[in-house]
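So the structure is just underneath, and the comments pick up after that.
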Amino acid sequence: MKGTRLSALLVLALAIGVAGGWWAAHRTPAGAGSDPSASASRTGDATGSAAEAGSSASAGPAGGLGSDAGVRGTLEFAASDLLRLEPGTIARTIPLTGTLKPVDQTLVRAKVSGELVEVLVREGTAVRAGQRIARIDPTEFEARVREREAQRRSADAQVEQARRTMDNNRALLDKGFISQNAFDNARSGFEVAVANRDAAVAQLAQARKALADTAVLAPMTGVVAERFAQVGEKVSPDSRIVSIVDLSRMEIEAPVPASEIGSVRLGQAVSLRVEGVEAPQTGEIVRINPATAAGTRSVPVYIGLDNRDPRIRAGLFAQGTLAVERREGVIVVPAAAVRDAAGRSFVYRVVDGRIEERTVTAGLRDPAARAANGSTGVAEIVAGLQAGDTIVGVNLGPLRAGSAVRVGAPATGTDSRTDAAAQTTGTPAVGHPQR
């Protein structure tokens, strides 16, 4: 009986599940039952509106830009994209690169042997010329000085004794009590005593010098670059203790192509950018190597830099430019504004609110100079432009000649360059609604 009831319940549950699935599969979504003709009507209305908009855009004066503007569209620029030309200055430059090295640097070495009992400096310590930076145990040298002083006193006494003997023998010789030979022996003894005294004096000076050399002094003003010895080490003459560099006068060795070396002169100013230092530095050509470097055919030149910036250190990389020709009062444009196509150079100039391609003749170029709009690289325009002209000062890709120009502030988060590039294809940029 219980089995029959259970079977009946299972059949009922299965039937309810099948019915629910059929209802879910055939349910009509809200709005799906709308009249198809209404949908077609809306589609037709949209098509008609687009057609009306197209005819309005080409309607001439009614469109505000004329029939040509309707075809070419309007280019919107940020104010920084356009540049009004003024006379400027340009220079032909030679790029220079190299590593900063101190002009004056030295290795401080031990002059006598002994045990280091004191080292007073470490790397980065500033020192003055004559400052004691280390000390070698002076005990043995002090004893040697005392020994040499005693030997000198003995030599002085011998000289005094030899002098008295010689004087007495001279008196006896005058009275005929001794022979000339005896007097000559006395005089010779005096001269030997004097020579021994002089030798003792020299030995004493050497001993005092060795004692003084136990105090290791800085030979120049500068900064300790490296420390080689530690307290307690036994050093011998010429053992390295520290190295010192003078950062107040730096030098850069930079190669110059052989084709440009004829334009380089001693004393020419060099504008430098040092790695890790924002402020520009100015150096000058102090030496020119008389021969080319093997393998590169370049000529090394040496740039001197008076360093007053504590951030400039030995070993930093520096890039510089050497101006070898300078022109003033000429038309200078950003290098990115000059376009080359089909064997000619041109810029996009704005005339009466429209874009035109203006063929130009370029002169000097300086790839490292800063242009008026902040970009890097400038070019001289010898012909084709004049002061007062307005050009597109950045590279926005190909622009359509004849397109109208509108200047406006870019929307937040949208680059005006993206806007102008998009409108060259007739497509408004996102974030700049058409007015």
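The values are calculated or read from the model by the stated rules, or taken from the named source; none is laboratory data. Remember, predicted model here, so these are calculated numbers, not experimental data. Neighbour counts are summed over all protein chains in view; Cβ atoms, including those assigned to glycine, are modelled from backbone coordinates with ideal geometry.
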In the range 227-247, what residues are assigned to a strand (DSSP E or B) and surrounded by 14 or more Cβ atoms within 10 Å (Cβ to Cβ)?
Arg227, Val235, Arg240, Ile241, Val242, Ser243, Ile244, Val245, Asp246, Leu247
Test each condition in (1) under 21 Å from Ala254 (Cα atoms); (2) at pLDDT 85 or above; (3) not assigned by TED's automatic domain parsing to the domain that holds Ser263 for Ile331 and report the one that comes out false.
(1)
In the range 161-183, the residues that are in contact (Cβ under 8 Å) with a residue 24 or more places away in the chain and loosely packed, with under 14 Cβ neighbours inside 10 Å
Gln161
Kindly list, by first and then second residue, each pair from a residue in the range 249-267 that is free of Cβ contacts under 8 Å to residues at least 24 places away in the same chain and of a type in the set (A, V, I, L, M, F, W, C) to a residue that is surrounded by 13 or more Cβ atoms within 10 Å (Cβ to Cβ) and not in a helix (DSSP H, G or I), limited to pairs with Cβ atoms under 8 Å and residues at least 6 apart or on different chains.
Leu266/Ile285; Leu266/Val286; Leu266/Arg287; Leu266/Ile288
I'd like to know if the range 343-357 contains one or more residues that are among the hydroxyl-bearing types (Ser, Thr, Tyr), out of contact with any Gly (no Cβ under 8 Å at 6 or more places or on another chain) and within 29 Å of Gln105 (Cα to Cα).
no
Give the number of residues within the range 123-161 that are within 42 Å of the chain's Cα centre (by Cα) and over 30 Å from Leu247 (Cβ atoms).
0
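Listed here are the residues, each with its yes/no results for (1) in contact with a Pro (Cβ under 9 Å, 6 or more places away or on another chain); (2) surrounded by fewer than 19 Cβ atoms within 10 Å (Cβ to Cβ); (3) without any contact (Cβ under 8 Å) to a residue 40 or more places away in the chain; (4) not assigned by TED's automatic domain parsing to the domain that holds Ala387.
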position	(1), (2), (3), (4)
Ala78	yes, yes, no, no
Asp81	no, no, no, no
Leu85	no, no, no, no
Val108	yes, no, no, yes
Ser113	yes, yes, no, yes
